[in-house]
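Report on the structure given below.
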Amino acid sequence: MEGSVTLGLQPVLPLAIFAPDGTEVEITALVDTGFSGYLVLSPETIETMSLIYDRKEEYTVGNNEDVQFDLYTGAKVRWHGHEKEIVVMAVEGEAVLGMELLRGSRLFVEAKPNGRVQVAEENEILP
């Protein structure tokens with residue numbers, strides 16, 4: 001899987017997400033190694049996709065504050081050529097891809113504007 005680095009030095013990756021009814025939604029997500037979950041989507045996107053409310057869960061955010069977030073199930077993402085079930089966190093703003101989705105993968109970021117972002121399976125060699 002390949003993405004790019006924005007002019008603001010943010011690594012982003014295109015993702016195909018599937019709603020419970022199989023509808024595919026294409027997004028671009030910011031890769032955030034400081035986020036331990038799977039994926040953050042806006043409440044509007046979650047509603048449009050008809051994801052299923054699961055629970056509230058507490059996360060420690062960047063300022064060391066503990067905050068409750070709504071989590072949703074029913075979504076799948078195309079990951080390394082397969083559909084993978086994920087848990088989605090509802091937060092206003094841009095889509096964010098976290099470490100739980102990256103688990104078992106290799107991440108390469110060419111940290112310069114328009115640089116490459118690559119995610120490979122654990123045993124796959126990155127070019």
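Just a few scattered comments:
- In the range 1-87, trypsin sites (Lys or Arg not before Pro) in a DSSP loop with at most 14 other beta-carbon atoms within 10 Å: none
- Note on M1 and E65: with the Förster distance fixed at 30 Å, the Cβ-Cβ geometry gives a FRET efficiency of about 0.40.
- Segment H80-T48, extension gain: residue separation times 0.36 nm, minus the distance between their alpha carbons: 9.0 nm
- Spherically averaged projected area of the convex hull of Cα atoms, the chain: 8.0 nm².
- For the chain, a Gaussian network of Cα nodes joined below 10 Å ranks I46, I27, I17 by mean-square fluctuation, and the top entry is I27.
- Charged side chains reduced to their Cβ positions (Lys and Arg at +1, Asp and Glu at -1) give the chain a dipole of some 400 debye around its Cα centre.
- Gaussian network model of the chain, springs between alpha carbon atoms under 10 Å - residue of A95, A29, A111 with greatest fluctuation: A111
- Largest GNM mean-square fluctuation among G81, G37, G104, using the chain with Cα springs under 10 Å: G81.
- The range 2-121, relative contact order [Cα under 8 Å, separation at least 6], %: 34 percent
- When V119, V109, V67 are sorted by how many other C-beta atoms sit within 10 angstrom of their C-beta, beginning with the fewest, the order is V67, V109, V119.
A short reminder: the numbers here are calculations on the coordinates, not readings from a lab. Only a predicted model underlies this, so the values are computations on that prediction, with no experimental measurement involved. Note: ideal-geometry Cβ built from the backbone for every residue, glycine included; neighbour counts use all protein chains shown.
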